[in-house]
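Remarks on the structure that follows.
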Amino acid sequence: MSTNDTAIKPYGALPEKRQILWHNTELYSLIHFSMSTFLDKEWGYGDEAPDLFNPSAFDAEQWALTCRYAGLKGLILVAKHHDGFCLWPTKTTGHSVKNSKWRDGKGDVVAEVAAACRKYGLKFGVYCSPWDRNHPEYGRAGYVKVYHEQLRELLTNYGPVFELWLDGANGGDGCYGGANEKRPIDGSVYYQWDEVVKMTRELQPDAVIFGFDIRFIGNECGFARETSWTTYPCNTFESESKVPLGSGDRNGALWIPAECDFPLRGGWFFHENDAIKQPDKLVELYFKSVGRGCTMDIGLAPDKRGLIHEDDVAVLKEWKRRIDTIFKTDLVKSVHVNTTGEIAPEEPAIVFEFGNIVKFNVLEIKEQIEFGQRIDSFCLDIWQNGEWSELASATSVGYKRLLMVRTSETGRIRIRFTKFSAVPVIAGIGLYLAPACMVLDTKISIVRDRNGDVEIRCGNGGLAIHYTTDGSEPARKSPLYLKPFQLHGGGIVKAAGFMDDAGTPLVSATFGCSRSDWRVVRVSLDSPFNNNREAGVEKLLDDNPDTYWHTYHKDKKLSAPPHDVVLDMGGERLVEALTMMPHLGGDYGDSNDGTPDKYEFYLSMDDIKWVLAAKGEFANIKANPCMQTVHLEKPVKARYLRFAATHVVDNGNYVKVAGIGAVEVKN
């Protein structure tokens, strides 16, 4: 709270210059565009022919302008994903754009994106996967030299880099030059991270390195925990820690803040039928990422044309408009304010006296992080009826903390620092009034029960909810939601709330066919956790993501996969896709024990003759545990469905699944 910097002693771990620059970036994108775009995959196997990469209208400037119009300050390009295909004409491998049809083999995606970033004032970053499912030397010493040279090319030839993004997915099965085998490695030592760090520090001293200067938040859902410390005990690539990534360590020895990354669509690469996160969700994630001292990294996925889809662009622009609207007027700066510091021995505070009545519902507070993260908790009070009344409280602050509170009117506010490890040093305080339709408690959710009844829920009873089921955008002329309605055949439900002259953000939900007449025929193992009401194989059919089938058993040889379940779909159906909903355990969705990452789907008309309909892996499901949809090569007539979980994340010893479903061909 002192303004005399010379009198302030730093506390705890402190940020480096590159980390302060990264904090100030706040918002940026991570763009996935590569071989998987053209194969409708999340993870390529490494055996893809380079000629498959051939976008028809690639435009790096459209990417950069999209980011700029969305208010993003940086762009990180996935220059190489796990399939090993390089988006620049590297000297290290033939599996790159130089052997593709695009630009007659003379193109360089990295160069064009870097140039577009410079032109439109964006910071440029690169992602280069350590794992390479294509390279024949992967898992051996020879590949490490190749990987280091790939990083050297990227860090040398394309101008300033603000972030080097390193993925934690390592080892496993792949093509590996035609060997088609599994090559596990010890990711903490195999890549010689000390050499990677040394090289990056020499070539790009202002670049933060993922895993060393910043950390993964622990999920790919885009949010941090309410208490999120910037400090951590160790880097996350060479060392292991029992401290959750999402919470950090209050007494951690290193300043390693967290990045909240998530895909705008369902997956990181473009898939035609993926749902797009709507502006209201992005506003919520902004408050739960940047507003909790982290950065917000939005995954964008250009389509096969090489363009960010028009629907994605529209969502990002509307999100930017809403953020600008919320933070347009800082009430602290827009009026004359008398500021006093009520310095009590145990509980210092800052009081703002406005001189008139102000109306607000958003508080912003920032620490001067050059002096460390010092605040452990604080309270926001308002002056009402001649006395102070507590409106809200929170814990960690760090670079920035945003609180959405109930809309209040007052002439005075007080911020009390109820616990601190060193005297608070405040960089800034802001007060804002968000429009009623943008306040998070107007959030709409769409759910469906096993009988096919769709319910639209909203915390604000003053909203008029209008909805559609034909894919169109809801408007005031759309059907008014009054009570649950039937949606047996499945489809997309979109809803929005309307209040006065404004509308809430659109919400959508996609459902498969109703499972009201489905039944469980048999299951390899069912463990209902001593009659736990949330567990049991029948919970696969209730359309509730919070309930689940579980195979936990004290004998791990029995509970471990593979496990399967056979379902009767209640009649003949023409199936075009199959779905699996993982169970999201924990308060923050960061516990995915038992989640299948490899699967087999079988279909049958009589429960005797079975056809293998689909087999593969749910790529990246550990970090991004969301509904998985497997599209069949062609529709299959069937009455019975068999799902087999052949492997679960982290080689776990039981299976846990929230739902299994099917999507029928619509007439």
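Within 10 Å, at most 11 other Cβ atoms, and a DSSP state outside H, G, I, E, B define an exposed site. Report the longest part of the chain free of exposed GluC sites (Glu not before Pro). Intermediate values should be presented prior to the final figure.
On the way: sites that count: 240, 272, 346.
Longest run free of exposed loop sites: 347-667.
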Self-check item: Base-10 log of normalised Debye intensity for region 519-664 (one unit scatterer per alpha-carbon) at q = 0.09, 0.19 Å⁻¹
Solution: -0.25, -1.13
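Quick check: residue separation of residue 650 and residue 253 times 0.36 nm, minus the Cα distance between them. What number comes out in nm?
So the extension gain works out to 140.1 nm.
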Quiz item: So what's the gap between the Cα centers of region 269-315 and region 611-652, to the nearest angstrom?
Solution: 25 Å
Quiz item: If Lys and Arg each add +1 and Asp and Glu each add -1, what is the summed charge of the other residues whose beta carbon sits under 15 Å from the beta carbon of residue 308?
Solution: -3
Exercise. May I ask which of 198/317; 73/242; 328/483; 277/556; 73/328 have a Cα-Cα span longer than 28 Å here?
Key: 198/317; 73/242; 328/483; 277/556
Self-check item: Two-site label geometry, residue 546 and residue 387: point separation in nm, points 7 Å out along Cα→Cβ
Solution: 3.6 nm
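Return the Rg/Rh value of region 151-195, two decimal places, where both radii are evaluated on C-alpha atoms and Rh is the Kirkwood radius.
On the way: Rg = 14.0 Å, Rh = 13.1 Å.
When Rh is taken as the Kirkwood radius, the ratio is 1.08.
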Quiz item: Suppose every K and R has +1 on its Cβ and every D and E has -1 on its Cβ; what is the size of the dipole of region 331-434 about the Cα centre, in Debye to the nearest 20?
Solution: 320 debye
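So if the hydrodynamic radius of the chain is defined as the Kirkwood radius over C-alpha pairs, what does Stokes-Einstein give as its diffusion coefficient at 20 °C and 1.002 mPa s, in µm² per second?
Details: Rh = 26.8 Å.
Calculated translational D: 80 µm²/s.
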Quiz item: Which FRET efficiency value, to the nearest 0.05, is calculated for residue 325 and residue 608 with the Förster distance at 60 angstrom and r the Cβ-Cβ distance?
Solution: 0.50
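Between residue 317 and residue 347, what is 0.36 nm times their sequence separation minus the Cα-Cα distance? Round to one decimal in nm.
Working: separation 30, 0.36 × 30 = 10.80 nm, distance 4.26 nm.
The span from residue 317 to residue 347 would gain 6.5 nm if fully extended.
Suppose every Lys and Arg Cβ carries +1 and every Asp and Glu Cβ carries -1, with no other charges. What dipole size does region 623-667 come out with about its Cα centre, to the nearest 20 debye?
On the way: 6 positive and 3 negative charges, 55 e Å.
Taking the Cα centre of region 623-667 as origin, the dipole is about 260 debye.
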Quiz item: Restricting attention to region 105-159, which trypsin sites (Lys or Arg not before Pro) occupy a DSSP loop and are surrounded by at most 16 other Cβ atoms within 10 Å?
Solution: 106, 140
Self-check item: Whole-number Å³ per residue for the convex hull built on Cα positions in region 17-321
Solution: 118 Å³
Exercise. For residue 189 and residue 664, calculate 0.36 nm times their separation in residues minus their Cα-Cα distance, and state this gained length in nm to one decimal.
Key: 166.2 nm
Exercise. Work out the FRET efficiency for residue 201 and residue 370 from their Cβ-Cβ distance, taking R0 = 22 Å, and round it to the nearest 0.05.
Key: 0.60
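When only DSSP loop residues count, what trypsin sites (Lys or Arg not before Pro) in region 592-662 have their Cβ near at most 13 other Cβ atoms within 10 Å?
Numbers: sites: 598, 609, 615, 622, 637, 639, 642, 656; in loops: 609, 622.
For trypsin sites (Lys or Arg not before Pro) across region 592-662 that sit outside H, G, I, E and B with at most 13 neighbouring Cβ atoms in 10 Å, the list reads 609.
Take the Cα radius of gyration of region 190-330 and divide it by 2.2 N^0.38 Å, with N its residue count; two decimals is plenty.
Values: Rg = 17.3 Å, N = 141, 2.2 N^0.38 = 14.4 Å.
Normalised Rg, Cα atoms only: 1.20.
Each value in this text was obtained by applying a stated rule to the coordinates, not by laboratory testing. Note that the structure is a prediction, hence the values are computed from the model and not measured. Cβ atoms come from the backbone with ideal geometry, glycine included; neighbour counts cover every protein chain shown.
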